[in-house]
Amino acid sequence: METTLVILKPSAILHGYVGQIITRFQQKGLVIHGMKMMTLSDEILSEHYAHLADRPFFPDLVKSMKASPVIVMALWGKDAVEVVRLMTGATNGRKALPGTIRGDFSVSGQENIIHASDSIESAEIELKRFFKPEEIIHYEPSSLSYTYEPAELL
Ligand code: UDP
Ligand code: MG
């Protein structure tokens, strides 16, 4: 099992898409192990988007991530990192396939509704960046039939 980080960006908060997005993750079978609203600082954004620091759009990206509070989520499940990235879709909302979150809620390259960790290694680092250990609470849903499969289907 894996845990991945999702951020509902200001483009999700300000358009009122929070409920619809959380519903998608829950109906898929991912389990919420952490969730809180927070305001992002320049410091945390510079760290989180360090790989983009020298891109011309970086100041706009930081500004856009501070346009409202965000909601950070720790989502747990089998192959959660890959499953959530597939549900997220391509970075640019116009290129993201219909059926993905970005494909269904965004026509923008920047205002693309959610962040999702792109690898198991990033997820580990990013979860620590946004959550204190005690804010992630492990539990298992009453039925795990949708997260476990017979061995031959693994
Ligand atoms: N971004 C942007 N313009 C670009 C590329 C990225 O505004 O040309 C923003 C966009 O909000 C994206 C974020 O920077 O989600 C992080 O970029 P990354 O390449 O890590 O894409 P992601 O992992 O979010 O798909
Ligand atoms: Mg990324």
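The values are calculated or read from the model by the stated rules, or taken from the named source; none is laboratory data. The structure presented is a predicted model; accordingly, all values stated were derived computationally and were not measured. Positions of Cβ are generated from backbone atoms using ideal geometry, with glycine treated the same way; all protein chains shown enter the neighbour counts.
Checking the condition polar (S, T, N, Q) and either touching a residue at least 12 places away in the same chain (Cβ under 8 Å) or within 12 Å of ligand 1 (Cβ to nearest atom) (or both), which residue from SER68, SER142 passes?
Sole residue among the options that is polar (S, T, N, Q) and either touching a residue at least 12 places away in the same chain (Cβ under 8 Å) or within 12 Å of ligand 1 (Cβ to nearest atom) (or both): SER68.
Of everything in region 36-59, what is within 19 Å of ALA74 (Cα to Cα), free of Cβ contacts under 8 Å to residues at least 60 places away in the same chain and surrounded by 11 or more Cβ atoms within 10 Å (Cβ to Cβ)? Give them in sequence order. Show your work before the answer.
Here is the first cut: in region 36-59, the residues within 19 Å of ALA74 (Cα to Cα) are 36-40, 44-45, 47-49.
From what's left, free of Cβ contacts under 8 Å to residues at least 60 places away in the same chain: 37, 39-40, 45, 49.
Within region 36-59, MET37, LEU40, LEU45, TYR49 qualify.
Quick one: which of VAL62, VAL70 is surrounded by 14 or more Cβ atoms within 10 Å (Cβ to Cβ) and within 20 Å of THR3 (Cα to Cα)?
On the way: VAL62 fails: within 20 Å of THR3 (Cα to Cα).
So the residue among VAL62, VAL70 that is surrounded by 14 or more Cβ atoms within 10 Å (Cβ to Cβ) and within 20 Å of THR3 (Cα to Cα) is VAL70.
Please go through region 1-21 and pick out each residue that is among the aliphatic types (A, V, I, L, M) and touching a Leu at 6+ places or on another chain (Cβ under 8 Å). Steps first, please.
Going through region 1-21, the residues among the aliphatic types (A, V, I, L, M) turn out to be 1, 5-8, 12-14, 18, 21.
Within region 1-21, LEU5, VAL6, VAL18, ILE21 qualify.
Kindly provide the set of residues from region 7-20 that are buried (at least 17 other Cβ atoms within 10 Å of the Cβ) and farther than 18 Å from ALA123 by Cβ, ordered by number. So that I can check it myself, show each step before the final result.
Of region 7-20, the ones buried (at least 17 other Cβ atoms within 10 Å of the Cβ) are 7-13, 17.
The answer is PRO10, SER11, ALA12, ILE13, TYR17.
Applying the selection to region 30-53, what residues are farther than 11 Å from ARG129 by Cβ and among the β-branched types (Val, Ile, Thr)?
Once the filter is applied, which keeps residues that are farther than 11 Å from ARG129 by Cβ and among the β-branched types (Val, Ile, Thr), region 30-53 yields VAL31, ILE32, THR39.
Listed here are the residues, each with its yes/no results for (1) within 15 Å of ligand 2 (Cβ to nearest atom); (2) modelled with pLDDT under 95; (3) more than 14 Å from LEU8 (Cβ to Cβ); (4) under 12 Å from the mean Cα position of the chain (by Cα).
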| position | (1), (2), (3), (4) |
| --- | --- |
| ASP42 | no, no, yes, no |
| LEU61 | yes, no, yes, no |
| VAL83 | no, no, yes, yes |
| GLY99 | no, no, yes, no |
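Which of the residues belonging to region 1-29 are within 21 Å of GLU134 (Cβ to Cβ) and out of contact with any Ser or Thr (no Cβ under 6 Å at 6 or more places or on another chain)? Reasoning before the result, please.
Within region 1-29, the subset within 21 Å of GLU134 (Cβ to Cβ) is 1-7.
MET1, GLU2, THR3, VAL6, ILE7, listed by residue number.
Could you run through region 95-128 and say how many residues are surrounded by fewer than 17 Cβ atoms within 10 Å (Cβ to Cβ) and either more than 12 Å from ligand 1 (Cβ to nearest atom) or among the hydrophobic types (A, V, I, L, M, F, W, C) (or both)?
Here the count works out to 9.
Within region 103-124, how many residues are within 12 Å of ligand 2 (Cβ to nearest atom) and within 22 Å of PHE58 (Cβ to Cβ)? Can you show your working first?
Initially, region 103-124 is screened for residues within 12 Å of ligand 2 (Cβ to nearest atom), giving 112, 114-119, 122-123.
Next, from what is left, pick out any that are within 22 Å of PHE58 (Cβ to Cβ): 112, 114-119, 122.
Residues meeting the conditions: 8.
Name the pairs: first residue in region 99-110 and under 21 Å from GLY19 (Cβ atoms), second residue in a strand (DSSP E or B) and at pLDDT 95 or above, Cβ to Cβ under 8 Å, at least 6 apart or on different chains?
Listed by first residue and then by second, the contacts come to ILE101/ILE114; ARG102/ILE114; ASP104/PRO98.
Please verify whether LYS78 is of a type in the set (Lys, Arg), within 15 Å of ligand 2 (Cβ to nearest atom) and either more than 18 Å from SER122 (Cβ to Cβ) or more than 15 Å from the chain's Cα centre (by Cα) (or both), treating the condition exactly as stated.
On the way: of a type in the set (Lys, Arg): yes; within 15 Å of ligand 2 (Cβ to nearest atom): no; either more than 18 Å from SER122 (Cβ to Cβ) or more than 15 Å from the chain's Cα centre (by Cα) (or both): yes.
When the stated conditions are applied, LYS78 does not pass them.
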